[in-house]
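Data first, discussion second: the structure below is written as structure tokens.
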Amino acid sequence: MTQPLDLTPRFTQALEFARTAHQGQLRKGTTIPYLAHPLAVASLALTFGADEDEAIAALLHDTAEDGGGAPMLARIEAAFGSRVAAIVRACSDSLTEDPQEKAPWRERKETHFAHLATAPHSVRLVAAADKLHNLQSLLADLRTQGNDVWSRFKAGRPDQLWYYGAGVDRLAADPAAPWSRPLRDAYRALSELHP
């Protein structure tokens, strides 16, 4: 039997780092503080067997992509080490500081998914936890608010279904992965909801 994970003050430091990085941000189209998402992703990652570095990367997975690009990634590496930074980098589809300079949405996602197909276990674990929480949130909102939820996104329902389907195909290919079944179930529910 493996020893239970004992989170250290590094995790608390990462939580504060994420709180500060996402201060004032909300989940798309809601009044939910954005921090709820990285907290949920870290929780799922821990459920899937994450070690502390993976759990910290889960807390920080959106900070570089959405909040400062390469300079933010350098801050993460300085504070939490190269392994955490490498996971965050691999979970990011862009590291530009200016969101206006990002490549087109579909191009970024296709490149990112191509990388995920052969990414290390740690990256796949964090990415799977991220996609699963996003799917769960989207499903909950669609069930309570209906199809108007799709208008929150620049890419509409067909592109979102492609996005989640492609993510599930890459991340849930190994049925032994603890996130495989939950991801497949959530995507199936999404694709069957509000056709």
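Structure data summary
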| read-out | value |
| --- | --- |
| Per residue convex hull volume, Cα atoms of the stretch 30-107, in Å³ | 108 |
| Listed values (i) 15.2, 44; (ii) 16.1, 49; (iii) 18.4, 62, entry calculated as Rg and Dmax of the Cα atoms in Å | (ii) |
| Highest-fluctuation residue, 171, 44, 139 considered, GNM on the chain with Cα pairs under 10 Å | 139 |
| Cα centroid separation, the stretch 7-80 to the stretch 118-158 (Å) | 17 |
| Reach of residue 28 by Cα under 16 Å, taken over lysines that are not fewer than 8 positions away in the same chain | 131, 154 |
| For residue 26, residues with placed amide H under 5 Å, excluding near neighbours | 34 |
| Derived scalar couplings ³J(HN,Hα) [the stretch 94-111; Karplus, 6.51 cos²θ - 1.76 cosθ + 1.60; whole Hz; x for Gly, Pro] | 7, 10, 6, 6, 9, x, 5, 8, 5, 5, x, 3, 4, 4, 4, 5, 4, 5 |
| Sum of side-chain charges, residue 128 neighbourhood, beta-carbon under 14 Å (Lys, Arg +1; Asp, Glu -1) | 0 |
| Residue-averaged [θ]222 nm for the chain, counting only DSSP H segments that reach four residues, each worth -39500 (n - 2.57) | -20000 deg cm²/dmol |
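Taken together, the values in this text are just the output of simple stated rules run on the coordinates, not laboratory data. The model shown is predicted, which means the values in this text are computed figures rather than measured ones. Cβ sites come from the backbone with ideal geometry, for glycine too, and all protein chains shown count toward neighbours.
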